[in-house]
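What follows draws every value from the coordinates through simple rules; no lab data is involved. Everything numeric here is computed off the predicted structure, so don't read it as measured data. Here Cβ is always computed from backbone atoms with ideal geometry, including for glycine, and neighbour counts include all displayed protein chains.
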Amino acid sequence: MKRVLFAIFVIIPLFSFTIVTLNLSMSSTIGASPVLNDIEMKIFELLPKEATITEFATATFSMNFFLSYNSTENTYVGEWKYKNETVRYEYSPKGYKYYRDFVMECASFPLEKASFYLFSLNEFPDLFQLTFHPALDEYCDFSDEYLVFSSERFSGNRNLFLIDRKSGKLFYMPIYGSSEYFPRISPDRKNLLFQGSLHGNWNIYYMPISDDYSSKIKLISRGKYAAYNPNWLDENTVVYVQEDATSNHLVVKNLKTMKEESYYLPFDWVFTPVKGRKGIIFVGLKESNFGIYELLPDGTVTTVEDSPYNEFDPDVFDNYLIFSSNRDGVFRIYAKNLKTGRVWCLTETLPYDAFYPAFSEDGKLVAFSVYRKDMEPDIWIVRFKPPPE
C-alpha cells in the first residue's frame with residue numbers, strides 16, 4: 001500500500017516567540033490524500049498563534065498521523081500516535097457522522113495538545129479557544145489543580161473530563177450508564193459534585209477526585225422528581241434545584257448529616273444557584289423574564305441583575321458577578337461590579353453565543369462555552385481584567 005508523505009512548513013515571522021512546537025508526521029494512502037489535505041488545512045487554520053509547526057526532533061510534541069481509505073467498505077480511518085497514546089477516528093460517507101466532524105476530530109488531537117499545554121503554562125492571549133473536538137464540551141469549573149468540563153467526545157455519552165493545569169494532560173472519569181452535567185469541584189479540592197442520570201432520573205451526586213472514584217459515588221438528592229444545577233456552599237454543604245409536581249425550589253443539604261432545608265421562592269422557576277457574597281445567588285423566572293437574584297440569610301430576596309434581555313448562568317468571585325445575557329442579539333458573557341453596579345462585556349469580540357461562565361479559583365480567568373452555528377460548543381478562556389472605575 002503506497003503511502004504519500006506530506007511535509008508541513010510554516011513561515012515564522014521575525015522576532016516571533018514560540019511557546020509550543022509541533023512536529024507532525026502526516027501521511028496517507030493515495031485514495032485518502034484529499035482528506036488528509038483538508039485535515040492539514042484545518043490544523044493550520046486553527047493553530048494558536050503561540051504554537052508553530054516544526055520539523056525539528058526537539059519539538060514540544062512529536063506525533064504521527066496515518067490516514068487510510070478502504071474502498072470496499074468506503075471507510076476512512078485516521079490514527080494519531082503520540083508516545084504511548086493512540087487515538088483512532090473513523091468515517092464513512094454512508095454513516096452517521098458528518099465529514100466536517102471527522103476532519104475536525106483528526107485535527108483536534110494536535111490542536112488540543114498545543115492549547116492544553118499553553119493553558120498549563122498560562123501563556124495564552126486574553127481570549128483563547130481551549131477545546132477543539134467537534135463533540136459537545138460545556139459546563140466548566142476550576143480548582144488550582146484542574147479544569148473540569150462535561151463532554152461527549154469519547155463515547156457519545158456525557159462524561160466528566162479534567163485538564164491538569166500543571167501538565168496540560170487530559171483525563172476523564174466515566175460513569176457507565178449515566179450522563180453527567182454541571183460538575184463542580186469542592187472548595188477543599190477533594191470531591192466532584194455533579195448532576196447525573198445513574199438511577200434513571202436527574203439526581204445530584206458527588207465523588208472523590210481519585211482513581212477509585214467509581215466505587216465511592218454518593219447520591220445526594222432523594223426527590224421523586226428531577227434534581228439539577230448543583231453547587232457548593234462550603235466543603236460540607238451543597239445547594240441544588242429540586243423539581244416538584246408543579247414547579248421547583250432550592251434545597252440546601254449538609255453532606256455530613258444529610259439534613260436538608262427547602263426554599264420555596266416567589267418565582268415561577270428557579271435555576272443555577274451559586275454561593276453569593278451574603279447568601280445564595282440564583283436565576284429566577286417570573287412572567288417570561290429571567291433575572292439574577294440573591295436569597296439572603298433572613299429569607300428575603302434582593303435583585304442582583306434584572307434587565308429586559310434575560311440573565312443566566314451566574315457565578316461570583318469576591319465583589320464580581322459574571323453571567324450570560326442577550327443584550328445585542330447575541331448571548332455574551334458579562335461582568336458586574338457588585339459594589340459599584342458597573343456592567344461590562346467580556347466577549348464582545350466573539351460573534352457567537354456564549355453561556356455557562358465560571359471563575360477560576362483566583363478570579364483571574366473565566367471559562368465558558370461558545371456555540372457556533374451548526375456546531376457543538378467548545379470551551380474558551382478569557383482573562384478577567386476589570387476596567388478601572
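Worth a mention:
- Nearest 10 degrees, 0 to 90: helix 33-46 Cα axis against the chain principal axis: 50
- Mean separation of Cα contacts under 8 Å (6+ apart) over length of the range 3-118, as relative contact order %: 28
- A full extension of the chain between TYR98 and LYS286 corresponds to an added length of 63.7 nm, given 0.36 nm per residue minus the alpha carbon distance.
- Taking a Cβ cut-off of under 14 Å around TYR371, the surrounding Lys, Arg, Asp and Glu residues balance to a net charge of -4, with basic ones at +1 and acidic ones at -1.
- Cα centroid separation - the range 185-203 against the range 217-277, whole Å: 12
- Chain lengthening between GLU389 and LYS373 when straightened (0.36 nm per residue, less Cα-Cα): 2.2 nm
- Per-pair calculated FRET efficiency, R0 = 45 Å: ASN37 and ASN319 via Cβ, rounded to 0.05: 0.30
- Peptides 85-98, 279-292, 261-274 ordered by average Cβ neighbours within 10 Å, highest first: 279-292, 261-274, 85-98
- Gain on full stretching of the segment that runs from SER167 to LYS339 - 0.36 nm per residue minus C-alpha separation: 58.2 nm
- If a spin label sat at a point 7 angstrom from the Cα of LYS224 along the line to its beta carbon, the backbone N atoms of the range 244-283 nearer than 16 Å would be those of 244-249.
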